[in-house]
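Note sheet for the following structure.
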Amino acid sequence: MKMLKQVQQMQDRMAKVQSELENETVEASAGGGAVRVVASGTQKVISVVIDPAAAGDTEMLQDLVVAAVNEAMELSKQLAATKMQAVASGLGLPPGLI
């Protein structure tokens, strides 16, 4: 019964963390701030801001958008991993299990 209770607690904590991640954001930029991307902790792009001065070179702008989105996704994944690791460590689980 103790193991079942621990599993239930872990599920509850993970659900809480998932909910919190939906409300947390990370920001990444490329091209010295010419393109800024904000993403949620659940790897959803919330906004993309482009400096009008960067719009002149389409190919460069595309590369900057891709770079900023990729960086935002990586930051979001790191945020989620850190939060989930805190749940695992609270239950005495080995690192990397969740």
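The values are calculated or read from the model by the stated rules, or taken from the named source; none is laboratory data. Just so you know, these numbers come straight off a predicted model, no measurement behind them. Positions of Cβ are backbone-derived with ideal geometry, glycine not excepted, and every protein chain shown enters the neighbour counts. Surface accessibility is based on the protein's heavy atoms, side chains included, excluding ligands, DNA and RNA. Shrake-Rupley method; radii C 1.70, N 1.55, O 1.52, S 1.80 Å.
Could you rank 58, 42 by how accessible they are, 1.4 Å probe, largest area first?
Result of the area sort, largest leading: 58, 42.
Quick one: accessible area per residue over the chain, 1.4 Å probe, rounded to a whole number of Å²?
Using a 1.4 Å probe on heavy atoms only, each residue of the chain averages 65 Å².
Go ahead and set up a Gaussian network model of the chain, Cα springs under 10 Å, then flag whichever of 56, 41, 31 fluctuates most.
56
What nm distance separates the two modelled labels at residue 9 and residue 48, each placed 7 Å from Cα along Cα→Cβ?
Each label point lies 7 Å from its Cα, and together they span 4.4 nm.
Can you work out the PRE-style zone for residue 55? Point 7 Å along Cα to Cβ, and I want the residues of segment 32-47 with backbone N under 18 Å.
33-37, 47
At a 1.4 Å probe radius, carbon and sulfur cover how many percent of the accessible area of the chain?
Here carbon and sulfur together make up 56 percent of the probe-accessible area.
Take peptides 14-23, 80-89, 63-72 and line them up by average Cβ neighbours within 10 Å, highest first, as a rough protection proxy.
63-72, 80-89, 14-23
Find which of 21, 68, 7 sits farthest along the positive direction of the dipole of the chain, computed with +1 on the beta-carbon of Lys and Arg, -1 on that of Asp and Glu, about the Cα centre.
Going by the charge dipole, the pick is 7.
Quick check: from the Cα gyration tensor, does segment 5-45 come out rounded (a/c under 1.5), prolate or oblate?
Judged from the Cα gyration tensor, segment 5-45 comes out prolate (a/c at least 1.5, a/b above b/c).
Tell me whether the chain comes out rounded, prolate or oblate; compute the Cα gyration tensor, take square roots of the eigenvalues as a ≥ b ≥ c, and use a/c under 1.5 as the rounded threshold.
Prolate, because a/c is 1.5 or more and a/b exceeds b/c.
Once you charge only the Cβ atoms, +1 for Lys and Arg and -1 for Asp and Glu, what is the size of the charge dipole of segment 35-80 about its Cα centre, to the nearest 20 debye?
I would put it at about 320 debye.
Evaluate the charge dipole of the chain about its Cα centre and quote only its size in Debye, nearest 20, assuming +1 on the Cβ of each Lys and Arg and -1 on the Cβ of each Asp and Glu.
840
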